[in-house]
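Heads up, the thing below is written out as structure tokens.
The values are calculated or read from the model by the stated rules, or taken from the named source; none is laboratory data. Note that the coordinates shown come from a computational prediction; the quantities given were computed from them, not determined experimentally. Ideal geometry is used to build each Cβ from the backbone, glycine not excepted, and the neighbour counts take in all protein chains shown.
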């Protein structure tokens with residue numbers, strides 16, 4: 001069932017997310033030639049400066065689609081084998097039997113069994129995913145820290161494995177994508193940032209998208225408010241932050257318009273070949289960082305609604321910010337939404353996130369944007 005855009009319903013839905021407690025959010029929805037852009041709330045709670053739909057934003061792990069596309073371009077050129085063991089390319093980083101068992105595909109779809117390095121890089125998150133025993137101190141300690149990606153990878157590789165290589169379900173881990181960044185650099189002879197910029201961002205014709213080298217967001221942008229499950233009250237701004245803790249696995253700055261354009265070009269076969277796109281859409285079960293089991297492809301995952309068709313895309317979070325970008329399988333309907341607060345759910349006595357009005361309001365906005 002395909003519906004034209006309902007501008008009034010979209011306006012109401014985005015306003016309701018702000019009313020539910022989100023400081024500010026903005027979005028773009030496209031259906032063929034029809035385009036709706038909306039924004040609600042503020043970019044700065046102190047001054048009341050409003051958010052606008054053209055703001056640049058840290059989009060977190062949406063970056064993984066860009067990185068995966070870059071890797072698949074190198075697969076097409078014959079420089080990378082999708083089912084080749086990573087140890088053949090990076091024997092020092094993934095040595096021994098694991099290097100022989102973990103393939104490039106397993107890194108792309110999070111079935112490598114390699115642990116997340118984040119709790120080791122940020123000591124106050126050491127107890128993650130036991131949220132009640134975590135704290136936000138490391139976020140302040142590391143605001144301007146320049147992390148070495150090889151050291152981060154070593155933290156993930158030497159940590160206890162979260163599964164066997166190729167096992168199901170996989171477990172989502174940024175360690176996988178930092179390894180893919182190192183792989184890209186080895187086979188292209190340039191930095192991953194430069195390669196992805198030239199061959200993915202510029203190929204898609206994106207004007208307001210970049211992989212940053214410093215801690216600042218250039219151009220008009222919102223502050224980013226981190227609540228860390230109510231432990232930061234009121235939520236604190238982390239829009240100035242050195243993104244070397246994730247690098248080109250989650251550091252992208254973009255706009256909702258650019259994200260919609262990118263996924264449109266990707267599904268049209270203009271970034272990678274149709275054969276590569278087919279590989280990207282081959283999914284396996286993966287446990288997300290929120291503990292939910294999702295279907296995950298190669299830097300892409302699907303959202304399905306009975307009778308409404310399948311959407312493909314990715315979500316992402318950083319300290320204080322989040323985004324979701326999705327496109328219908330036929331390429332016509334596209335949605336990108338950006339929010340300027342994260343981890344708004346407080347914890348119950350057992351340390352589990354409690355439901356919040358923002359969750360339901362965002363779900364309604366997503367539904368109206370994709371299917372309404």
*Out of curiosity, is residue 230 in contact (Cβ under 8 Å) with a residue 24 or more places away in the chain and either touching a helix residue (DSSP H, G or I) at 6+ places or on another chain (Cβ under 9 Å) or part of a loop (DSSP other than H, G, I, E, B) (or both)?*
yes
*asked:* Looking for something closer than 14 Å to residue 299 by Cα and touching a helix residue (DSSP H, G or I) at 6+ places or on another chain (Cβ under 6 Å) - is there at least one such residue anywhere in region 181-192?
replied: yes
_Which count do you get for residues in region 94-114 that are free of Cβ contacts under 8 Å to residues at least 24 places away in the same chain and not in a helix (DSSP H, G or I)?_
1
_Per-region count, region 181-216, residues touching a residue at least 24 places away in the same chain (Cβ under 8 Å) and part of a loop (DSSP other than H, G, I, E, B)_ = 12
*Assess whether residue 256 counts as being touching a strand residue (DSSP E or B) at 6+ places or on another chain (Cβ under 9 Å), touching a residue at least 24 places away in the same chain (Cβ under 8 Å) and farther than 26 Å from residue 21 by Cβ.*
no
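Yes or no: residue 268 touching a helix residue (DSSP H, G or I) at 6+ places or on another chain (Cβ under 6 Å) and either surrounded by fewer than 24 Cβ atoms within 10 Å (Cβ to Cβ) or within 26 Å of residue 108 (Cβ to Cβ) (or both)? It would help to see each step written out before you state the result.
Details: touching a helix residue (DSSP H, G or I) at 6+ places or on another chain (Cβ under 6 Å): no; either surrounded by fewer than 24 Cβ atoms within 10 Å (Cβ to Cβ) or within 26 Å of residue 108 (Cβ to Cβ) (or both): yes.
Spelling it out, it is not the case that residue 268 is touching a helix residue (DSSP H, G or I) at 6+ places or on another chain (Cβ under 6 Å) and either surrounded by fewer than 24 Cβ atoms within 10 Å (Cβ to Cβ) or within 26 Å of residue 108 (Cβ to Cβ) (or both).
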*With the checklist (1) modelled with pLDDT under 95; (2) within 20 Å of residue 31 (Cα to Cα) in hand, flag the one item residue 292 doesn't pass.*
(2)
*When only residues in region 299-319 that are under 13 Å from the mean Cα position of the chain (by Cα) and more than 17 Å from residue 264 (Cβ to Cβ) count, which is surrounded by the fewest Cβ atoms within 10 Å (Cβ to Cβ)?*
315
